[in-house]
């Protein structure tokens, strides 16, 4: 699929992508969320491109068009390469109208806005704009972020995850999640709290729960309160969760039966704990990559190996040291890369 090699600029050029951002429907939602699930490394690029597109207005509220199609193309070219504007020395003559002022503002502001988004500001995890535009929190590998939403709710976002919401959040309590986050929701019966994760929506009035989207799977674990989980494509496909219950959804199999989770296994990460329980080693390494912000290079077969262990606020070197005994492996940590050699007879 060509999108797997796309950069932010490539997504901004793609007409199908822009159409999805501006006017999403069930079919396009299914396609793009399925793509993100299959290509999690593209999540941040897609979120950045969406934030940029959502902040660009080509028409006035009254419906008056500010630009011709050729002018829109020129603005997009300037967005994709702001240097072109600086190089453009062709004399231009404009009529001083209100529409003209809007256009001048857009021509001046948009490249500046895009440059700030690409280069980042004081908070490299946040892409935001006031009003009804989207506010995006991107959390890279090796980091976690706790934020307070405008309604007073608290969200802890796990590494390699992102959360977005609109500027009018207090009256439109909808967030979009890619990855994993732990929610502590302030009660407000008038405005239900909704979390959109791919093809699934979770609704709560006031509760505490964890959502994890990993590849093509989705899991909700309820700590307290009550939540409703449903597919966006079919609102009748709905499940109600009670405390210490969890449900899983996959693209292939749909919803699994609700199961009990009395020990709330799955939220240890919010307390700085990594827990493995006969976990496939491939999943263990993926967890450690996200947790510590490193990459693993493995010499040897690991597909049939699993690992159990519990670590609380440990250095990566200590984790690797403990794993080396039970897995009979050697390791070497160089900068942000871990080299593993499996010593199997």
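What the table below lists for this structure:
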item: Packing-based ranking, highest mean first, of 225-234, 160-169, 323-332 given that Cβ atoms within 10 Å are counted; result: 160-169, 225-234, 323-332
item: Average Cα contact separation per residue, segment 269-316, under 8 Å, 6 or more apart, as relative contact order %; result: 58 percent
item: Whole-angstrom gap from segment 1-52 to segment 155-182, using each part's C-alpha centre; result: 18 Å
item: Least to most buried among 33, 321, 263 (fewest other Cβ within 10 Å first); result: 263, 321, 33
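Read-outs throughout are calculated quantities, based only on the coordinates presented, and are distinct from any laboratory measurement. Since this is a predicted model, take the numbers as computed values, not measurements. Neighbour counts are summed over all protein chains in view; Cβ atoms, including those assigned to glycine, are modelled from backbone coordinates with ideal geometry.
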